[in-house]
1. Suppose we keep only residues that are surrounded by fewer than 16 Cβ atoms within 10 Å (Cβ to Cβ) and of a type outside the set (A, V, I, L, M) within the range B:187-203. Which one would you say is modelled with the highest pLDDT?
2. If I filter the range B:103-112 for residues that are more than 11 Å from chain A (Cβ to nearest Cβ) and of a type in the set (A, V, I, L, M, F, W, C), do I get at least one hit?
3. Mind listing whichever residues of the range B:113-147 are away from chain A (no Cβ under 14 Å) and within 30 Å of B:ILE30 (Cα to Cα)?
4. Please state which one of A:LEU26, A:LEU13 is touching an Asp or Glu at 6+ places or on another chain (Cβ under 8 Å), under 30 Å from B:LEU77 (Cα atoms) and either at pLDDT 85 or above or in a loop (DSSP other than H, G, I, E, B) (or both).
Amino acid sequence: MNEKNLKIILAALPVVIIIVAVIIPLYTTGWDAGKALYGTDPDAVIESFEMKGQDMSGGYFTPQDYDISDDGGSLLLTGIMKNPYSEDIKITKLGYSIIIGGEPAQLTLTADAVIPASGTGEVVLSAPVSDKQIGALASGEKVTYGDSPLSEMALDMSGIKVVSGGQIK
Amino acid sequence: MTEENINPVSGETGFSDEGDNTSGFNYPGIVAGVLMIILPFTGKWWQLTFGEGALYIAASPFSLSVFSFGEEIVSPLITSLTMALTVITVLFGIILIVGSVFANMPDKRVLSRIFINSGSLKAVFIVVVFFIAVFTAGVIFSQYFSLYGFSGSFPILSGYSAMAMNSGGFSVIIPVTSELSPVLLFAVIVAVMGLVSRFYGRR
């Protein structure tokens, strides 16, 4: 082997390895580029990823009204959830971390909710709140704005970590 | 020069070198080669997090982890490609070491030069391509946020930003954290050592 051949072999080697690395997953998934890229169940991954990704924007949940539970220990938040899909979805898990009166409150879904295809539905979230938070909620102007009592209250979703266990029905 | 070192087609010399018999190990090459073998196993180079684990990406040229709400998303193709880069880096690390050792053998000086030239730039290439890939990904994410009306400066390579959007009377804040790992510094050192070995061999 002379110098030129060796140079060619060494230059081609990485290219050959990369080509083999592309071919193997394509071959093992029956030449299905989608499966090779996303895994064995690409539809589920994409569906799950998109849904959660959209929920991250927060635009699919609009707070409408709130109430304090009879025992005064919980905030009940009613909101409208938008279903961007062309199929009904059942929301089984939904949550936001919000800040009330400078303290965080973890809102969780109180009951499963079915949102019709491309429509909206009501969901109710609840969060245990402290006396200080109740005081902040009841403090007046910040929580009253037209017909949407919560719209002026900044929903700081910096704690977004849940959202969605939505299932296509 | 021996008979077997003459190319019968071109008449050019083979792997032996003539003339100057002064030689020595290419020490930067040996170090760079060893570091190249270690490099793929040093961990992630860059991390990007949205919210508190809403989306977590940890990447290096040798592995990619993506978690969305705690669920790992595994791509066989990306896994295969990162494994290929691992093999290439380790292989050319070995080639660089061999070339650097051959530098001390006068009859293998040409072979040494080919091996060093071949292996010394791989780490540089990988680091440069990684930076370009991360920068491109950051710009795409940044454009994505702008498209949806978020304000704030997206931390492309490293930093923290609270991407904010006002919608329907309430505000949404998504914290975005990107972080370059100290491992990247190690990778840069490996790349620099590779470059040094290349020029060291020519001195």
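1. Among those that are surrounded by fewer than 16 Cβ atoms within 10 Å (Cβ to Cβ) and of a type outside the set (A, V, I, L, M), it is B:PHE199.
2. Step one: of the range B:103-112, the residues more than 11 Å from chain A (Cβ to nearest Cβ) are B:103-109, B:112.
Applying the additional criterion that residues be of a type in the set (A, V, I, L, M, F, W, C) yields B:103, B:105.
So far as the range B:103-112 goes, yes, one or more of its residues are more than 11 Å from chain A (Cβ to nearest Cβ) and of a type in the set (A, V, I, L, M, F, W, C).
3. Within the range B:113-147, B:VAL127, B:VAL128, B:PHE130, B:PHE131, B:ILE132, B:ALA133, B:VAL134 qualify.
4. Numbers: A:LEU13 fails: touching an Asp or Glu at 6+ places or on another chain (Cβ under 8 Å).
So the residue among A:LEU26, A:LEU13 that is touching an Asp or Glu at 6+ places or on another chain (Cβ under 8 Å), under 30 Å from B:LEU77 (Cα atoms) and either at pLDDT 85 or above or in a loop (DSSP other than H, G, I, E, B) (or both) is A:LEU26.
The values are calculated or read from the model by the stated rules, or taken from the named source; none is laboratory data. This structure is a prediction, so every number in the text was calculated from the model and none was measured. Note: ideal-geometry Cβ built from the backbone for every residue, glycine included; neighbour counts use all protein chains shown.
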